[in-house]
Ligand code: SF4
Ligand code: SF4
């Protein structure tokens, strides 16, 4: 007999409002095939649960290091080069830390557990026009879990959305499309060479999937995460708007740079790559939105 469909998640937010219409429950999945230079959720990249460190709580006692059989943790920090070795023990460092400075991000759950949890919020969803959004990480990376959660939620009348990088085989999106009311589809750069340099992968599969979703009649809002110095110039946004319009996309959301992820890099003992970067002024975002409108796109805002 087939067992429960399981997935690895690292967070649930029951009060989300920016990832689709109305009040939403966001479910954040572990695992992502991209390596964006500006990643907003570095704790989502690894598909496995992992130990993170909260510097503000750390008393620098180093009990964690004494407890670690492999000595890969020191004063709460795991050397990024050694992180993949952190699998062999039962979190001895967490047990040794008396200050709550260590935590595991990521836990296994079942699709049914998530759907039952979402169902408790269904009255709020109904009143606000909201629902459930699967995000990450990359939801397509855990296709079976994503599909099962959305299928169960939909069967209870909930609105379903998926936020995706678009980077997976078409057959994965074909399945997800059957149970999804809305795709929030990220486009990071129109130029393939620069896309590879900034994210580690080509954009051709991504644009191909976008065009196929549109052709299939899926409800898609393309999202442009605007990263200063990478993809937010007038010229780049003009090119991006032109390329997505060619695929048949109508709706687009422009996401101003959000510097809030800096602290998450310290959880993983990583340097934050955009430490001096500031969000774009509101007037500049409006100028970029005008470019999108002039390209024939409708600008959508959530939240
Ligand atoms: S989980 Fe185990 S192997 Fe990993 S750092 Fe903690 S004590 Fe060491
Ligand atoms: S993480 Fe915990 S055990 Fe390790 S040095 Fe900090 S306070 Fe001590």
Distance-filtered residues of region 50-66 - backbone nitrogen under 19 Å, label point 7 angstrom along residue 90 Cα→Cβ: 50-51, 64-66
Contact order relative to length of region 151-210, as percent, for alpha carbon pairs under 8 angstrom and 6 or more apart: 36 percent
Protection proxy ranking of 148-157, 190-199 - average other beta-carbon atoms within 10 Å, highest first: 148-157, 190-199
For the chain, built as a Gaussian network whose Cα springs stay under 10 Å, the top-fluctuating residue of 20, 136, 229: 229
Projected label distance in nm at residue 211 and residue 283, using a 7 Å step from Cα toward the beta-carbon: 3.9 nm
Most fluctuating residue given options 48, 116, 163, as computed from a GNM of the chain linking Cα atoms under 10 Å: 116
Folded to 0 to 90 degrees: helix 111-120 orientation relative to the chain principal axis, Cα: 70 degrees
Near-label residues of region 76-109 by backbone N, under 15 Å of a point 7 Å along Cα→Cβ of residue 63: 76, 92-103
Cα convex hull of region 50-105 - mean projected area over all directions, nm²: 3.3 nm²
Least to most buried among 25, 143 (fewest other Cβ within 10 Å first): 143, 25
P(r) weight above 20 Å for region 148-219, C-alpha pairs, percent: 33 percent
Mean projection area, nm², convex hull over Cα of region 1-86: 9.5 nm²
Tensor-based shape of region 163-303 (alpha-carbon gyration tensor, a/c under 1.5 rounded, otherwise prolate or oblate): oblate
Helix 234-246 axis, angle to the chain major axis (alpha carbon atoms, nearest 10°): 70 degrees
Gaussian network model of the chain, springs between alpha carbon atoms under 10 Å - residue of 18, 40, 159 with greatest fluctuation: 18
Tilt relative to the chain, helix 143-155 - C-alpha long axis, 0 to 90 degrees, to 10: 70 degrees
Dmax and Rg, reported as Rg then Dmax, of the chain (C-alpha, Å): 20.2, 61
Helix-only [θ]222 nm of the chain, DSSP H runs n ≥ 4, -39500 (n - 2.57) each, per residue, nearest 500: -9500 deg cm²/dmol
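Coordinate-derived values only; no laboratory data. Remember, it's a predicted structure, so these values are computed and weren't measured experimentally. Don't worry about glycine lacking a Cβ; one is built from the backbone with ideal geometry, like all the others, and counts go over all protein chains shown.
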